[in-house]
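Have a look at the structure below before the remarks.
The values are calculated or read from the model by the stated rules, or taken from the named source; none is laboratory data. Model, not experiment: these values are computed from the prediction. Cβ atoms come from the backbone with ideal geometry, glycine included; neighbour counts cover every protein chain shown. Each accessible area value is taken on the protein alone, full model and side chains, heavy atoms only, with ligands, DNA and RNA left out. Shrake-Rupley method; radii C 1.70, N 1.55, O 1.52, S 1.80 Å.
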2 protein chains.
Amino acid sequence: MDVPLLDGLQLIEGSAFVAAPSGGMTLAQLGADVIRFDQIGGGLDHRRWPLTAEGESIYWAGLNKGKRSIQVDLRSPEARELLTALIAGAGSFLTNFPARGWMAPETLREHRPDLVMLAITGNRDGSTALDYTVNCAVGFPAATGPVDGGEPINHVLPAWDLICGQTAALAMLAADRHRLRTGDGASMSLALSDVALVAVSALGHVAEAQINGTERARHGNDVYGAYGTDFLTGDGERIYAVGISPSQWSRLIEATDAADAVAVIAAEEGLDLDHDGDRYAARDRISAAIAPWIAARPLAAVGARFDELGVCWGRYQTFTQLVAEDPRCSTDNELFREVDQTGIGTYLTPGSPVAIDGRLPVEPEPAPVLGQHTDEILAEELGLSAAEIARLHDERVVAGS
Amino acid sequence: MDVPLLDGLQLIEGSAFVAAPSGGMTLAQLGADVIRFDQIGGGLDHRRWPLTAEGESIYWAGLNKGKRSIQVDLRSPEARELLTALIAGAGSFLTNFPARGWMAPETLREHRPDLVMLAITGNRDGSTALDYTVNCAVGFPAATGPVDGGEPINHVLPAWDLICGQTAALAMLAADRHRLRTGDGASMSLALSDVALVAVSALGHVAEAQINGTERARHGNDVYGAYGTDFLTGDGERIYAVGISPSQWSRLIEATDAADAVAVIAAEEGLDLDHDGDRYAARDRISAAIAPWIAARPLAAVGARFDELGVCWGRYQTFTQLVAEDPRCSTDNELFREVDQTGIGTYLTPGSPVAIDGRLPVEPEPAPVLGQHTDEILAEELGLSAAEIARLHDERVVAGS
């Protein structure tokens, strides 16, 4: 591929935290020119944990790879005019700031009538919500954790933020396509709580409540509605193995010498264990039939046999183990490069997970230093002279790095 | 908006389960014509739980809204030729089937040289992986749950599948844009494990291990690196409240009359509680200062005060409570309609979470009945005559509904 997929797409991003920045980064890692603006000194997320010993935000570096950075005094009318001009020039604007005042779509459209803009909000009505306050409300924490446990268990992964970021990115591309075909822009908004509601509906929880009138009970670490659970190996490692599709199921019971025991279970329970729902119903007995084989062997032997037969399984790892021991999290994986991040150091950095002919579409670049591109943006995008740029610095309308 | 954003985009989808179907559905709900093909009688996911009392899959209905359905005998060479012709006509193909044989990109490109195709895989090397086997490996279950708990706790939400589906959808749009500009197609692949690795890197876990050499310890239901946690109200309801941004923090301590106590904590601990990291360090003491106010009042009073001040909070709800009690999960929310799903009934069904000028971009439609569109697709997309279509039915190459 001679040019990246999103060559020629320029996006202005006014953002903080996870959702909007991950969306903008996704587009940058497919070749878009993403310019993120921040308040001079950094936005609300600029020192977000985890930090290095020197106080640099690993979080910020991770979520803003490959972007250009301009820092401005957002309270200054002149800075707002500069940003408005940038947005008008780019024609695409992604934000999770309140879309009011100079950032209101109707205001920006005065400068770019065919603007493609998306504002991420908490709730649809504009009221505040975050991943944590949305997730508890949509039912998952109550359904998470041991069957005999009591309290709801939050997810550690901010899944709604990440899904929202991807949805925002695709909406920008959909609207860009629409504009290419019709000439019309789009004023879009995307509520984090709506992202969660769409998912909880897609997965059937809403209909299950309305149609079946049932509550989805906890099921611990078991897969719901099919067969899969965690096991301990003889050397104390925890693994997860699934038999969801027919071939996964047959391989799993073959690998663990459980076929005879499974046949007995089917007969005694009057179930057809070729059906995933019946496997779910009999899961405890099935697990009791499978677990001993796994418990009698060290992880290496279990893994070797499982891989030989193509069983679908995984090992439980901490973040540290993932990085230290899993070849998928290394430069053995085309996804990763060792990239030097200014102020932090060199570490494994992925590009886009989308492979084109098996290869990374765009070499991963570090996150910018705040204000690293201020001058080049003012000169090249807005055509300002060196004198004009110097004045803006002197008056603290903008800052470099 | 006169025409939907993705008007004119036609996608063929060969899929099962969550990732690929949710990606195709996302595009359908922005106006694309998505044709999903299945084996006659249904694929591996066609009877996936949850089911209605009559055995209809609520899961399948939720993940395939708004698509057209053709069912064919996938083992039949003639059926494969028909699907190849459909793919060649549409020019876009999304699948999580193994991209081999007739579905290999190089084979399909013989019929459509500028094909845009994306194949979702488990691991990058093509070996099998699912959300459950990826999630345990990338570190989150080990980090989930009570601080004093022992065993890893799986997520109930298949977050990687959902993120993967959104990423696949945006990659299709990115490649479509590239084709519009250059005439070149794209052969893309997307590994579920790479989706997870990109996210775990974006959130800083990889660098934290490599640069800081630290393991992310469990932090229960607390927000990491800032302030937020769960509380019990006087009437036994659980809520989540956050003070992440400065304004969220000041509103929360104002609402709970905790400002004086917080000042004492700051002084005694030598911390600056204007910094989110310092709030995290002092979180247990902060929570002890805030919790009594919440525990002394019923949920209604807590909520009223919080909403009055604009505190960022949420209530823990089960799926049933979400549907029964939360106005966001009702037709009060523009996102939802009551839609009749054949064989299941009428229930709350969302469209796209992307709002355009505040409105649903496309009215949500039910999932198809399997094979509902076989004949119209054969006639309109492939130009087959009634006699040819009848023969295909007679020979069980295709089936209707």
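Brief remarks on what is shown
- Check on A:Leu94, under 24 Å from A:Pro4 (Cβ atoms), open to solvent by less than 30 Å² (accessible area, probe 1.4 Å) and in contact (Cβ under 8 Å) with a residue 40 or more places away in the chain: yes
- Restricting the stretch A:143-164 to residues that are crowded, with 24+ Cβ neighbours inside 10 Å and part of a helix (DSSP H, G or I), the residue that is nearest to the other protein chains (Cβ to nearest Cβ): A:Ala159
- Options A:Thr167, A:Thr133, A:Thr128: the member that is hydroxyl-bearing (Ser, Thr, Tyr), part of a loop (DSSP other than H, G, I, E, B) and at the interface with chain B (Cβ under 10 Å from one of its Cβ atoms): A:Thr128
- Whether a residue is in contact with a Lys or Arg (Cβ under 6 Å, 6 or more places away or on another chain) and aliphatic (A, V, I, L, M) was assessed, and A:Ala255 passes this test.
- Residues of the stretch A:107-131 that turn out to be of a type outside the set (Val, Ile, Thr), without any contact (Cβ under 8 Å) to a residue 60 or more places away in the chain and either over 19 Å from A:Ala168 (Cα atoms) or open to solvent by less than 10 Å² (accessible area, probe 1.4 Å) (or both), as a count: 3
- The single condition among (1) surrounded by fewer than 24 Cβ atoms within 10 Å (Cβ to Cβ); (2) within 29 Å of B:Gly228 (Cα to Cα) that A:Arg181 does not meet is (2).
- The single residue among A:Glu388, A:Glu380 that is more than 33 Å from the chain's Cα centre (by Cα), free of Cβ contacts under 8 Å to residues at least 12 places away in the same chain and either over 22 Å from A:Leu63 (Cα atoms) or crowded, with 18+ Cβ neighbours inside 10 Å (or both) turns out to be A:Glu388.
- Number of the exception - B:Gly400 against (1) surrounded by 21 or more Cβ atoms within 10 Å (Cβ to Cβ); (2) in contact with a Gly (Cβ under 7 Å, 6 or more places away or on another chain); (3) small (Gly, Ala, Ser): (1)
- Members of the stretch A:184-210 that are in a loop (DSSP other than H, G, I, E, B) and farther than 20 Å from A:His155 by Cβ: A:Asp184, A:Gly185
- Checking B:Leu335 against (1) crowded, with 19+ Cβ neighbours inside 10 Å; (2) more than 30 Å from B:Val354 (Cβ to Cβ); (3) within 32 Å of the chain's Cα centre (by Cα), the condition it does not meet: (2)
- Residue among B:Pro364, B:Pro353, B:Pro327 that alone is at pLDDT 95 or above, touching a Ser or Thr at 6+ places or on another chain (Cβ under 6 Å) and closer than 30 Å to B:Tyr240 by Cβ: B:Pro364
- Cβ-Cβ under 6 Å pairs, at least 6 apart or on other chains, the stretch A:47-76 side open to solvent by 20 Å² or more (accessible area, probe 1.4 Å), far side assigned to a strand (DSSP E or B): A:Arg47/A:Ser57; A:Leu51/A:Ser57; A:Arg68/A:Ile35; A:Leu74/A:Gln39
- Selection status of A:Ser189, open to solvent by less than 20 Å² (accessible area, probe 1.4 Å), among the hydroxyl-bearing types (Ser, Thr, Tyr) and within 30 Å of A:Ala88 (Cα to Cα): no
- Test: residue in the stretch B:332-341 that is more than 17 Å from A:Leu203 (Cα to Cα), in contact with a helix residue (DSSP H, G or I) (Cβ under 8 Å, 6 or more places away or on another chain) and not aliphatic (A, V, I, L, M): yes
- Pairs where the first residue, in the stretch A:167-182, is farther than 21 Å from B:Cys164 by Cβ and the second is open to solvent by 10 Å² or more (accessible area, probe 1.4 Å) and of a type in the set (D, E, K, R), C-beta under 6 Å, 6+ apart: A:Arg179/A:Asp114
- Condition check for A:Glu338: touching a residue at least 12 places away in the same chain (Cβ under 8 Å) and either of a type in the set (Gly, Ala, Ser) or closer than 30 Å to B:His178 by Cα (or both): no
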